[in-house]
1. Before anything else, pin down the relative contact order of the chain: Cα pairs under 8 Å, at least 6 apart, normalised by residue count, whole percent.
2. Rounded to a whole number, what is D in µm²/s for segment 13-54 from Stokes-Einstein with the Kirkwood radius over alpha-carbon pairs (4 °C, 1.567 mPa s)?
3. Find the accessible area per residue for the chain; the probe is 1.4 Å, ligands and nucleic acids are left out, and the unit is Å².
4. Compute for segment 38-91: radius of gyration divided by Kirkwood radius, i.e. Rg/Rh, restricted to C-alpha atoms, rounded to two decimals.
5. Go through (i) 24.8, 83; (ii) 13.4, 46; (iii) 14.3, 49 and flag the label whose value is the computed Rg and Dmax of the Cα atoms in Å for this structure.
6. Under DSSP H, which helices of the chain have Cα atoms covering 27 Å or more of the helix axis and a Kyte-Doolittle average no less than -1.0?
7. How large a share of the accessible area of the chain, in percent, is made up of carbon and sulfur atoms when the probe is 1.4 Å and the other protein chains stay in place?
Amino acid sequence: SQTFDLKKEAAYSLLNIAIVGHCLGDMPVEQLIPEFIDFVRSQDDELVRMGVQFIVLLFDQMPENRGVDMLRTAAPEGVEALENLMAVTDDDDTRATVSALIDRYYGEDDEQEG
């Protein structure tokens, strides 16, 4: 559908801006999180990758574990969507990335400073 295509293109553009500009914090992240979690749940591999990439950026670009807190607040079902994706994906890279995100969500990331 045209709405779906627009949403996909907008998400792609936002991800590129966040990656290149390192400016995720300047975006309306709380409103974007549920949309990208919907991508994680989708059947479209490209959308799934964009959703996972957004969560990676959220965790990497937000200081002091704020990304995890934002995910918990804006999309409490977000970690469940990631866990479900890990169980169903055939892509080893996606599974490894999602596993690392889940570890960070639960505070099991050994690379955190503190």
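The values are calculated or read from the model by the stated rules, or taken from the named source; none is laboratory data. All of these numbers come straight from a predicted model, not from anything done at the bench. Surface areas here come from the heavy atoms of the whole protein model, side chains and all, with no ligands, DNA or RNA. Shrake-Rupley method; radii C 1.70, N 1.55, O 1.52, S 1.80 Å.
1. 22
2. Translational diffusion coefficient: 124 µm²/s.
3. Per residue, the chain has 60 Å² of solvent-accessible surface.
4. 0.98
5. Only one listed value fits the structure, namely (ii).
6. 2-21
7. Carbon and sulfur together cover 47 percent of it.
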